[in-house]
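Participant: Below you'll find the structure I mean.
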Amino acid sequence: MILGGLPDLTVVGEAADGGEVPAAVAAYAPDVVLMDIRMPRVDGLTATEALRAQPHPPEVLVLTTFDADEQVLRALRAGAAGFLLKDTPPAEIVHAVRRVAAGEATLSPTVTRKLIAHVTSAPGPTGPDPRQERALRLLTGLSERERQVAVALGRGRTNAEIAGELFMSVATVKAYVSRLLTRLDLNNRVQVALLVHDAGLV
């Protein structure tokens, strides 16, 4: 109902379960999949992971009543471009779909706060942390400027804010973000931010 009457958005198909998602995506080739987490057999997180592992997948915007930290992290690590709670106002859901379709990641403010709080308050590992070691190894290969942009993404900065902080144009920031995604083999800026958090740089 929210999306169906908009002139610039078309609902091309629906799936009742995560197991139906791959066939529906193959049949309808959507730009964005609005994914519910709780479904009868195959949940939305599993479906997101399977979908994002395919070549040239659509963007995924996760919509749920739940905002548990592990669900947020799992969805975003799988490559979801956004995570919204179902109590998000309809106009914001529409805006999020448009942003994700345009290649921008989007998170509800509540989820963003919880994500940052979770990562920054998590106790340090007692031994070697494979995730941190991998993150540091990937980030070591970046240039100093690329690393600065990555850290700014980890702090949740917008392109305009990064441009102001690093004395760059917004277009240059966008170019750096695109370069980071290619060099790090990631899907979106949220995954860059998670990598920076994994490395302990913010």
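The values are calculated or read from the model by the stated rules, or taken from the named source; none is laboratory data. Just so you know, these numbers come straight off a predicted model, no measurement behind them. Positions of Cβ are generated from backbone atoms using ideal geometry, with glycine treated the same way; all protein chains shown enter the neighbour counts. Heads up: the accessible areas ignore ligands, DNA and RNA and are worked out on the full protein's heavy atoms, side chains in. Shrake-Rupley method; radii C 1.70, N 1.55, O 1.52, S 1.80 Å.
Participant: How many nm separate the modelled label positions at ARG179 and ALA53, each set 7 Å beyond the Cα in the direction of the Cβ?
Facilitator: Between ARG179 and ALA53, the simple spin-label model gives 3.3 nm.
Participant: Further, regarding this structure: Under a 5 Å amide H to amide H cut-off, with H placed in plane at 1.01 Å, what residues pair with VAL33 once short-range neighbours are removed?
Facilitator: When sequence neighbours closer than 5 places are left aside, the close amide H contacts are GLU59, VAL60, LEU61.
Participant: Mind checking the full-extension length gain between VAL94 and ALA23? Use 0.36 nm per residue of separation minus the Cα-Cα distance, one decimal, nm.
Facilitator: 23.1 nm
Participant: Under 12 Å from a label point 7 Å along Cα→Cβ of LEU201: give me every residue in the stretch 131-154 with its amide N that close.
Facilitator: 135-154
Participant: Of all accessible surface on the chain at a 1.4 Å probe, what whole percent is carbon and sulfur? Could the numbers behind the result be given before it?
Facilitator: Numbers: 5930 of 10960 Å².
Ligands and nucleic acids excluded, carbon and sulfur reach 54 percent.
Participant: So with the 1.4 Å probe, I'd like the accessible area per residue for the chain, rounded to whole Å². Write out the running numbers ahead of the final one.
Facilitator: Numbers: 10960 Å² over 202 residues.
Ligands and nucleic acids excluded, the result is 54 Å² per residue.
Participant: With springs connecting C-alpha atoms under 10 Å apart, model the chain as a Gaussian network and identify which of GLY141, GLY44, GLY82 has the largest mean-square fluctuation.
Facilitator: Largest GNM mean-square fluctuation: GLY141.
Participant: Given a Förster distance of 30 Å, report the FRET efficiency between ARG41 and THR140 from their Cβ-Cβ distance, rounded to the nearest 0.05.
Facilitator: Values: r = 42 Å, r/R0 = 1.40.
E(calc), rounded to 0.05, equals 0.10.
Participant: With +1 assigned to the C-beta of every Lys and Arg and -1 to the C-beta of every Asp and Glu, and no other charges, what is the dipole magnitude of the chain about the Cα centre in debye, to the nearest 20? Intermediate results must be reported in sequence, preceding the final value.
Facilitator: On the way: 21 positive and 23 negative charges, 118 e Å.
Using only the charged Cβ atoms, the result is roughly 560 debye.
Participant: Along the Cα-to-Cβ line of ALA171, 7 Å from the Cα, sits a label point; which residues in the stretch 92-107 have backbone N less than 20 Å from it?
Facilitator: The answer is 103-104.
Participant: Just to be sure I understand, if you calculate semi-axes √(5λ) of the Cα gyration tensor in Å for this structure, which of (i) 29, 20, 16; (ii) 26, 20, 16; (iii) 39, 16, 15 do you get?
Facilitator: (i)
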